[in-house]
Every structure is written in C-alpha cells, then in structure tokens.
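A short write-up of the structure that comes next.
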Amino acid sequence: MQKKIAVLTSGGDSPGMNAAVMEVARAAAKANMRLVGIKHGFNGLIGKFPKASDNYTILSLDTVLDIADLPGTYLRTARSPEFFELEYQQKAADFLKGIGVCGLVVIGGDGSYQGAQKLVELGVPCVGIPGTIDNDLEYSETSLGFDTAVNVCMEAVRSIRATSRSHDRPAVVEVMGRNCGDIAMSTAMSTASEVVVVPEVEGWEVDQVAARLSSLIARGNTRATIVVAEGAWKVMKPFDVYEFLKPYKQVFPGEPMNAYRFASILKRMCGAEVRANVIGYTQRGHEPTAQDAVFAFEAGNMAVELLKNGVGNQAIGVRLGRTFHMDLVKALDVKPVFNQHQFDLINSL
C-alpha cells in the first residue's frame, strides 16, 4: 500500500520554506509516497476553514516544482492559539490518521516544534525542519531563512552606511529576531558596525550607548552604525522617553522606546543628526540565499527518508556545517549560549 505523508509550514514565514516543501515533494515522489500539503499551519489540521480545500491539498511534484526560489510560503502560515488545547491536538491527530498519513513534516520555529511534539505524543510521527529567520532553535547552528535575513540586513546597512558617510550622520538600524540577537550580531559583524544592542544583554542603558557614540564622534567617526535587535527594547534599563523628549517633540506619557525615539534621544545626547531605519519584513520576504536553499534540499530529503523508515520524533539541524537529526524533545531542551566574545569585539573600538 502506498504510504502517505504530510507537510506544513507554521509560525512566521521564512526564506527557504518553499524550497523545503518542494524538496519534500521531490523526495516523496522518488520514494513512491503520496504527499498532503496542510494549509495555514496547524489551523489546517484542525479544519479551521469551512472548505476542505482551504485546509489541505494533495501536492504533486508538478504543483510545487517551480516554488523553490519563491519568497513566503506556498502553503501559507498562521498562528493557531487553539492548538494549545488538548481537544484540538487530538482533533489534528485524528484527522491525519483518518486520511492515512503516516508522518508529518513540520517546518517552523520553536512554537511549531512544540505543536509537533504534542502530535508525537498522540501517535503521529513528526520530523521538524527549523524554519525561522530568528535562529533561536539552539540545537542547530542555523535555521532556514537566517542566512537570507542576515544578507538582506547586510545589504541594507551597507547602503545606510554609504549615505551616513556622505552626510556625517550616525544611524540606528533595527533588525528582526524576536528575543534572539543573532541577526543583529551577524549584521554588525558583516558590516563593521560600531555598536550592537541585543536582548541577551539585559539592563543595557541608553546613557551607555550615547557615551559610546559620543566617544566615536569625538574621534572623528561621524557615521557610526548602531544595530539594534527588535527584542532589545524589552530588556533595556528603564528610561523615561516622555520626560526626555517632551521639550523637543510631541510624545505621550508611557510611550515605549523604539528605533525612531532612540535616534531622537541620541541626537540630543550626542549633538549629532542620528537617523533611524527599521528594516522590517523585507528580511522575511526575500528569495533564499544559496546556503538556505542547500539546507532546504538536505533537510527535505532527510525528513522524507526518516518518515519512510518509520522514524519520527526527530528534529533536523546543522552541526559543524553538516545536516543531522536528533530527538525532538532533546532538541527543544538545548539552552542558548550567548557569544559574549563576539559582542565585546563589536563594541570594543
């Protein structure tokens, strides 16, 4: 009897998701296995949409053959708050078993892996492929989309630094990464940025960054770049944005710090025309780099091979530059290790 497996993309979209789906389809076809594409992440598994065709579809190789280099995710993605409840987890497991699926490939981040783990507990073999630009699945050296996101940020910062040099204006550049500073760190290192602020360093102070920028300006560096990870605002030492900025511009009590307010504060503290830039979703909506596309190729093939042999509860990742797999539960238990040495080097001059 012909085996049937399924694939879904979940959480935030990331470059390389489509390449991974295509490679799962290619590997499934080679193994003479049928493939079901689950739409809108875990929402498709719980039948959230009235029309069955909005929840899942049969994926033929012809259907997905040309999606590998497309940004976004062909299968769509979404958050699924209902999936935290056992009732919906059981509904999803029953659905997969009911249509004869013997294994599921889950492409996503930490929350997607936790959803996969719940399905494993209910008897559905799952293999996880890390698909998140944040690179916050610590068991793996990289995740699908991370390299692409860093390259997008690198090109943006290079352009920003070019105009910063022309006008002698320092720049604040906010990048994504949620609660992980890897994009910010890699961007800063690859562009020779002078300051990096990340969520791993709790209690950082606005005054410290201002003092460093003032020191750089005094030494003739009038176009310094400050790369800030989006999650860093949550761990900064309390700073009264309203009290500081109200003499200069319209603000309201309780307004949180962001890149634009931070640039305005540094402008007044340092006496320089500091400008703010938020790179935003261009980091997600970009064609995958060669590195991400190659990882998608290797991970898609490995996932199908595991399920073909009846091996589930696995997470695929990269270790020492090579694709590998390990127990899904153990992968989720790996704790983050912050590279303090790299952080100190960026902020050292």
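None of the figures in this text is laboratory data; all of them are computed from the coordinates on show. The structure presented is a predicted model; accordingly, all values stated were derived computationally and were not measured. Heads up, the Cβs are rebuilt from the backbone with ideal geometry, glycines too, and the neighbour counts pull from every protein chain shown.
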Kirkwood Rh, angstrom, the range 177-236 [1 / mean 1/r, Cα pairs]: 11.8
Test item: Cα-centred dipole of the range 149-284, Lys/Arg +1 and Asp/Glu -1 on Cβ, debye: 440
Would you mind telling me the antiparallel percentage of the DSSP bridges in the chain, rounded to 5? 25
Loop-only check: which trypsin sites (Lys or Arg not before Pro) in the range 19-54 are DSSP coil with at most 14 other Cβ within 10 angstrom? Lys51
Structure shown: which of Lys3/Lys48; Lys91/Lys335; Lys234/Lys335 lie over 28 Å apart, alpha-carbon to alpha-carbon? Lys91/Lys335
Rg and Dmax of the range 25-106, using alpha carbons, in Å: what are they? 13.3, 37
Average Cα contact separation per residue, the range 256-349, under 8 Å, 6 or more apart, as relative contact order %: 14
Taking the Cα atoms only, what angle lies between the long axis of helix 146-167 and the longest principal axis of the chain, rounded to 10 degrees? 20
Relative contact order of the range 149-284, please, whole-number percent, based on alpha carbon pairs below 8 angstrom and at least 6 residues apart. 34
Translational diffusion of the chain, µm² s⁻¹ [Kirkwood Rh, Cα pairs; Stokes-Einstein; 10 °C; 1.306 mPa s]: 74
Label Asn32 and Glu287 with points 7 Å out from Cα along Cα→Cβ: what is the distance between them in nm? 3.7
Counting C-alpha atoms alone, how compact is the range 251-349: give Rg to one decimal and Dmax as a whole number, in angstrom. 21.6, 65
Rounded to the nearest 10, the angle in degrees between the Cα long axis of helix 290-308 and the longest principal axis of the Cα atoms of the chain comes to 30
Hey, got a sec? Which GluC sites (Glu not before Pro) in the range 8-100 land in a DSSP loop and have at most 13 other Cβ atoms within 10 Å? Glu85
Mean shadow area of the range 149-284 over all directions, Cα convex hull, nm²: 7.6
With each run of n ≥ 4 DSSP H residues scored as -39500 (n - 2.57), what mean residue ellipticity at 222 nm is computed for the chain after dividing by its residue count and rounding to the nearest 500 deg cm²/dmol? -12000 deg cm²/dmol
Can you tell me the orientation of helix 86-98 relative to the chain, as the angle in degrees between its alpha-carbon axis and the longest Cα principal axis, to the nearest 10? 50
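Taking 0.36 nm per intervening residue step and subtracting the Cα-Cα distance, what contour gain separates Asn221 from Met326 on full extension?
33.1 nm
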How high is the relative contact order of the chain? Use alpha-carbon pairs under 8 Å, at least six apart in sequence, and give a whole percent. 23
Rounding to the nearest 20 debye, state how big the charge dipole of the chain is about its Cα centre with +1 on each Lys and Arg Cβ and -1 on each Asp and Glu Cβ. 460
Amide proton proximity set for Val278, modelled H, under 5 Å, gap of 5+: Glu174
